[in-house]
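Worksheet: one structure, shown below.
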Ligand code: E4P
């Protein structure tokens, strides 16, 4: 299973990278805005800076919602770096653009997936990744993990190469259940990744080992 970090914060990206377990990064316009990044040149420079930290897939999202605009923005993003994956929303023009990008060898991440039908369509169009939003479905009282299960099953049935990138993963249980189901990738904030480190028995066990060592090594 691949671990992506879901942020545009360079410090957090660096920290996750330094842990040695990071496979990629996902961003979205809200995450970029949260870091105060605005204006075409600054946005492009920020994506480049992310690519310099992480040698893995970096999702950069288009803002356009019309076919020509998505193509224009997506091609410019893809030219920035080989590791850029163009993130395209699940809308009609987005699906058409994914097909275009796929034919041209430009990799895509189809975002804002909330149903198995949308995931099937994105895979048919040749998306490299689909991003079903687990947490946002849970927020509205629908089982987000069930959607991951459904998509994994459908892709397995037909041998689709599209990878299931579980997004909007908010806590450790989401992450572990995605792993049990067999999602190819999870993307989540840094604290979800670092939470995997923690167990009180590890802390107390280590404290006892060190105390016992000290008793005979004074
Ligand atoms: C996916 O790529 C999105 O950036 C993200 O996972 C959304 O997460 P949220 O629902 O916690 O904002």
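The values are calculated or read from the model by the stated rules, or taken from the named source; none is laboratory data. Keep in mind the model is a prediction, meaning the values are calculated, not measured. Every residue, glycine as well, gets a Cβ built from its backbone with ideal geometry; the counts of neighbours run over all protein chains shown.
Taken together, the criteria place residue 22 among residues that are assigned to a loop (DSSP other than H, G, I, E, B), modelled with pLDDT of 95 or more and under 24 Å from residue 175 (Cα atoms). Residue 5 - would you say it is under 17 Å from residue 165 (Cβ atoms), touching a strand residue (DSSP E or B) at 6+ places or on another chain (Cβ under 9 Å), in contact (Cβ under 8 Å) with a residue 12 or more places away in the chain and in a helix (DSSP H, G or I)? Here the answer is no, as residue 5 does not meet what is asked. The residues of region 25-58 include none that are modelled with pLDDT under 95 and surrounded by 13 or more Cβ atoms within 10 Å (Cβ to Cβ).
Residues in region 127-163 that are under 20 Å from residue 91 (Cβ atoms), without any contact (Cβ under 8 Å) to a residue 40 or more places away in the chain and crowded, with 20+ Cβ neighbours inside 10 Å: 6 in all.
Among the residues of region 97-106, is any more than 13 Å from the ligand (Cβ to nearest atom), touching a strand residue (DSSP E or B) at 6+ places or on another chain (Cβ under 8 Å) and either modelled with pLDDT under 95 or closer than 30 Å to residue 19 by Cα (or both)? Even if it seems obvious, please write down each step before you answer.
Looking only at region 97-106, we keep the residues that are more than 13 Å from the ligand (Cβ to nearest atom), and these are 97-106.
Checking which are touching a strand residue (DSSP E or B) at 6+ places or on another chain (Cβ under 8 Å) leaves us with 97-98, 101-102, 106.
Subsequent filtering for residues that are either modelled with pLDDT under 95 or closer than 30 Å to residue 19 by Cα (or both) retains 106.
Checked region 97-106: at least one residue is more than 13 Å from the ligand (Cβ to nearest atom), touching a strand residue (DSSP E or B) at 6+ places or on another chain (Cβ under 8 Å) and either modelled with pLDDT under 95 or closer than 30 Å to residue 19 by Cα (or both).
One residue stands out among those in region 1-13 that are farther than 23 Å from residue 79 by Cα and away from the ligand (no atom under 15 Å from the Cβ): the one that is surrounded by the fewest Cβ atoms within 10 Å (Cβ to Cβ), which is 11. For region 109-124, taking the residues that are within 16 Å of the ligand (Cβ to nearest atom) and part of a helix (DSSP H, G or I), the one that is farthest from residue 184 (Cα to Cα) is identified as 118.
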